[in-house]
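See below for the structure under consideration.
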Amino acid sequence: MTTTDRSDDVTSPFRWRRGRLLDDVDAGATPGFEGGKKAGYAVLAEHGAELSELQERLFAHGRTGGTRRLLLVLQGMDTAGKGGVVRHVVGMVDPQGVRCRGFGRPTAEERDRGFLWRIRRALPGPGLIGVFDRSHYEQVLVVRVDGLEPEAQWRAHYDEINDFEAEVAAAGTTIVKVMLALSPGEQLERLTSRLDRPDKHWKYDPADLHARRQWEDYQAAYQEMLDRTSTDVAPWWVVPADRKWFARLVVGEILLGALREMDLGWPPADFDVAEQRRLLTGG
């Protein structure tokens, strides 16, 4: 991965294809990149300027009547690094053009209105990049694994999600869905580190142990989620996440590719530039 690489070439191994097995993904690998952590962050920084400019073009279009927008959906087991992606990748662009939303346990009102109601309300507006830290996919992950709905009910959500995302994409939203693939061994180290450091205790949730004990059930749920909801308009990308720097680098490349594909120039002025220059200078 260098400044001359095209993002679609670099990221193509991570695009999910039906028939793959999630168990075959090496969470500690760095496919396509021969350097280490220092080199990875250097490449990410090099691409930061272009990422920032393309985001500003998107924002400018939104301010001048454009309808394009981008939604980044992040899913992964606890400690997979979703927050780090937001800070180190999305954090490279102008924050006024970004809207981040985390989805915890739904409220009574949200449950009554259906699981997509709160998702629709959180979608990014024109010109914005929206980030979902967890999302509507909890409905086929946590709900499935914890048995919160009958199987026939949560299975129906796959088609509901696909229809919803097709509608959102047709309205001008580029959808980027990333699953951060973490190994159980690496998760153990990260959870232990949170207990070892007083400044990280606030990040530790005893409930994480419950999900950890259900690791195989979650792997099965993620496998079916990927197979059933990776579509042409909203594909899934599965990114090895044991090395945080590599996951951030790959997600940065995926976002860069999505923004490049929008092919947005700067919106033209809706006024006479020469006339405004004359008035400004008093000429």
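The values are calculated or read from the model by the stated rules, or taken from the named source; none is laboratory data. Since the structure is predicted, the reported quantities are computational estimates derived from the model, not experimental observations. When we count neighbours, we look across all protein chains shown, and the Cβ atoms used for this are built from the backbone with ideal geometry, even at glycine. The area values use the complete protein model at the heavy-atom level, side chains included, leaving out ligands, DNA and RNA. Shrake-Rupley method; radii C 1.70, N 1.55, O 1.52, S 1.80 Å.
Worth pointing out:
- Using the 1.4 Å probe convention, the accessible area of segment 184-263 works out to 47 Å² per residue with neighbouring protein chains retained.
- Within the shell defined by Cβ-Cβ distances under 13 Å, the residues around residue 169 carry a net charge of -2, with Lys and Arg each +1 and Asp and Glu each -1.
- Within the accessible area of segment 114-222 (1.4 Å probe), percent carbon and sulfur: 53 percent
- Cβ crowding within 10 Å averaged over residues, with 120-126, 194-200 ranked highest first: 120-126, 194-200
- Computed magnitude of the charge dipole of segment 1-160 (debye, nearest 20; Cβ of K, R +1, Cβ of D, E -1): 480 debye
- For segment 85-135, alpha-carbon Rg relative to the globular expectation (2.2 N^0.38 Å, N residues): 1.29
- Entries of 37/200; 37/82; 38/244; 82/203 with Cα pairs more than 21 Å apart: 37/200
- Using the Cβ of residue 210 as centre and a radius below 12 Å, the other residues enclosed give a net charge of -3, where K and R count +1 and D and E count -1.
- Helices of the chain meeting both criteria, an alpha-carbon length of 24 angstrom or more along the long axis and an average Kyte-Doolittle score not below -1.0, with helices taken as full DSSP H segments, are 37-63, 151-170, 244-262.
- For the chain, share of DSSP beta bridges that run antiparallel, in % to the nearest 5: 5 percent
- Taking the average, over residues, of other Cβ atoms within 10 Å as the packing measure, peptides 78-91, 44-57 rank 78-91, 44-57 from highest down.
- Translational D in µm²/s for the chain (Stokes-Einstein at 10 °C, 1.306 mPa s, Kirkwood Rh from C-alpha pairs): 79 µm²/s
- Total charge dipole magnitude, the chain, about the Cα centre, Cβ charges on Lys, Arg, Asp, Glu only, Debye to nearest 20: 720 debye
- Working from the Cα coordinates of segment 37-193, the gyration tensor eigenvalues give, after taking √(5λ), semi-axes of 28, 24, 12 Å in decreasing order.
- Per residue accessible area of segment 56-156, 1.4 Å probe, in Å²: 47 Å²
- Taking all Cα pairs closer than 8 Å and separated by 6 or more residues, the relative contact order of the chain comes to 33 percent.
- Kirkwood Rh in Å, taken over segment 156-217 so that all alpha-carbon pairs contribute: 14.9 Å
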